[in-house]
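Visitor: If you scroll down you'll find the structure; I have some questions about it.
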Amino acid sequence: MKDHEICKNVIRTVPEAEPMRPHLCILVLILSTIAGAAAAAETTTPAEAQIAVTNVTVNPNTLMRGDTGTVTVEIKNTGSSSVAISRAELYPDGIAVVNDKTYNSVGTIGPGNTMSFTFTVRADGQDGIYYPTFYLDLRDSGSIRYSVPVTVESTEIRVSVVDAPETYPAGSQDTIVLSIGNPREGSVNGVTVTPSGEGVTNTRTAVFLGALAPDEMKNASFEITASQSTELTFDVSYRNGINEHHTTLTVPVEVGGRAVAPDMVVNNIEVVRSGSTITLTGDVTNAGLKDAYSVKVTVDDPATATDPYPVYVVGGLEPDDFSSFEVTCTAGGASSIPLVVEHRDADGRAFTETVTVSLNSASQASMADSNGQVPSGMAGGPQGGRGGMGVFGSFGSGFGQIPVLEILLVIVGGVAVVVGWRKGYFGKLRARMRK
């Protein structure tokens, strides 16, 4: 209907008693012009202009060579009318599209609505960044194309040895510590470390570390007991998305002697006789690489431990730590006696180490024995002689070896010098010498 006809119809509806005003007709013409322009604009907006790609997701975000993943594209109808979609495709570029026929028939997306399309892809090519194209074919006219970046990176998880012994004593438990790091751009999940090896037993069959974020590192420790030289293999399994991968590390295990267990060493042994009682003193040192527990020192046959120190309890000794001890015993006529050091390791296993101590060089604890006689060779004169003053006035043995007379002469001389100086005797003497 033309504008002047609309105006006539409006005039006919106005009662004859109320004449038509000119500005009412002008308002009607303006409103009809606006409505016509809006209708014309709506019919001229192309369908492809109403569709927008709002989100793209690649899972996992970084594929390894041979991995299977997904590419999800989300679209939205930003217009005010429905848009009919014939099909949706993802054209490959360096990666294979597994479900390329899934969206051969789509349907209609209403105004303001969203729709997602998920494609399964496989990384068959070399490492790099690829750009498969998302294609949306509209039923009435037009189409949409959108490039999706997909990264293929085959860097594996890194496994290294943090701490491990060079040799493994047969039947002894040792600790191996591994470091597992993720140098990839994306995270990995389900990280598990499993050891295996012939002739090797483990206290833990596997260690689960869980997820590793990019550039994250975690440690895994294992208690290993080896019965023979072999190779210990650590298998590190992990997932990149739905894809499982494995990285292995082989560690040689050489069975041999090594001073890792507590090792007791006795030094500075002194033997002192007091009648029939013998006192043994010295130091006991832990020369091993592990702590020693319940360390005790005593004697064995032919000696008999007696009071006051039949058994000396040291307690615990860390590596390179030492402690003094004192043990009392009797030995009859024996010329040597065994000194016994007992200790336990961290597993509670008992160990005994024995040191033979000679009694021939034992010193005397006092001037007289139990019969009140001076032992032979202890006097200041010839062997068997009576103790007394030496040539220079010193005592013949023991504490008397100090030169008492010489010390007294030095003291008296010093006192005389001081007194003479204070009385002025030295000044008078110098004056006389000048005359």
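Visitor: Given a 1.4 angstrom probe, what's the average accessible area per residue across the stretch 37-156, in square angstrom? Walk me through the numbers before you get to the answer.
Guide: Values: 5870 Å² over 120 residues.
With all protein chains present, the stretch 37-156 gives 49 Å² per residue.
Visitor: At a 1.4 Å probe radius, carbon and sulfur cover how many percent of the accessible area of the stretch 286-344? Don't jump to the answer; show the numbers that get you there.
Guide: Values: 1350 of 2930 Å².
The value for the stretch 286-344 is 46 percent carbon and sulfur by accessible area.
Visitor: If you don't mind, another one. Run the 1.4 Å probe and let me know the accessible area of R65, rounded to the nearest 10 Å².
Guide: About 120 Å², rounded to the nearest 10.
Visitor: If you don't mind, another one. Give me the one-decimal nm value for the distance between modelled label points at T70 and S229, 7 Å along each residue's Cα-to-Cβ direction.
Guide: 5.4
Visitor: Something else about it: By how many nm would the segment from E318 to A213 grow when fully extended, if each residue of separation counts as 0.36 nm and the alpha-carbon distance is taken off? Walk me through the numbers on the way to the answer.
Guide: Details: separation 105, 0.36 × 105 = 37.80 nm, distance 3.92 nm.
Going from the current span to full extension adds 33.9 nm.
Visitor: Cβ under 10 Å from Y103's Cβ, Y103 left aside: what net charge do those residues give with Lys, Arg +1 and Asp, Glu -1? Can you show the working numbers first?
Guide: Numbers: positive: R87, K101; negative: E89, D100, D137.
Net charge around Y103: -1.
Visitor: Follow-up. Of Y168, T108, G125, whose Cα points farthest to the positive end of the dipole of the stretch 54-169 (charges on the beta-carbon: +1 Lys, Arg; -1 Asp, Glu; origin at the Cα centre)?
Guide: Value computed over the given set: T108.
Visitor: Could you give the nm distance between label points at D93 and T120, where each point is 7 Å from its Cα heading toward the beta carbon?
Guide: With each label placed 7 Å out from Cα toward Cβ, I get 2.4 nm.
Visitor: For the stretch 201-283, what does the accessible surface come to per residue with a 1.4 Å probe? Please give it in Å². Mind showing how you got there, number by number?
Guide: On the way: 4190 Å² over 83 residues.
Here the per-residue accessible area is 50 Å².
Visitor: Then there's this: Label T151 and W421 with points 7 Å out from Cα along Cα→Cβ: what is the distance between them in nm?
Guide: Label-label distance for T151 and W421, simple model: 9.0 nm.
Visitor: Relative contact order, percent, of the stretch 49-205 when contacts are C-alpha pairs under 8 Å separated by at least 6 residues?
Guide: On the way: 327 pairs, mean separation 33.5, N = 157.
Dividing the mean separation by the residue count of the stretch 49-205 yields 21 percent.
Visitor: From the protein chains alone at 1.4 Å, what is the descending order of accessible area for V417, V255, largest first?
Guide: Numbers: V417 85, V255 50 Å².
Ranking V417, V255 by accessible area, largest first, yields V417, V255.
Visitor: Sort the following peptides by mean Cβ neighbour count (other Cβ atoms within 10 Å, averaged over residues), highest first: 46-53, 122-129, 346-353. Provide the component values of the computation, followed by the final result.
Guide: Working: 46-53: 16.5, 122-129: 14.4, 346-353: 11.4.
With the highest mean Cβ count within 10 Å placed first, the list reads 46-53, 122-129, 346-353.
Visitor: When ranked by the protection proxy of mean other Cβ atoms within 10 Å per residue, highest first, what sequence do the peptides 283-289, 270-276 form?
Guide: Numbers: 283-289: 18.6, 270-276: 14.9.
Listed from highest to lowest mean packing, they are 283-289, 270-276.
Visitor: Hey, with R₀ at 45 Å, roughly what FRET efficiency would T247 and Y131 work out to, going by the Cβ-Cβ distance, to 0.05? If you can, show how the numbers build up before the last one.
Guide: Working: r = 30 Å, r/R0 = 0.66.
For T247 and Y131, the calculated efficiency is 0.90.
Visitor: If I stretch the segment between S276 and N189 completely, what's the gain in nm (0.36 nm per residue apart, minus their alpha carbon distance), one decimal? Let's see the in-between values first.
Guide: Values: separation 87, 0.36 × 87 = 31.32 nm, distance 7.52 nm.
Fully extending the segment from S276 to N189 adds 23.8 nm.
The values are calculated or read from the model by the stated rules, or taken from the named source; none is laboratory data. Just so it is clear, the model here is predicted, and its values are computed rather than measured. Cβ sites come from the backbone with ideal geometry, for glycine too, and all protein chains shown count toward neighbours. Heads up: the accessible areas ignore ligands, DNA and RNA and are worked out on the full protein's heavy atoms, side chains in. Shrake-Rupley method; radii C 1.70, N 1.55, O 1.52, S 1.80 Å.
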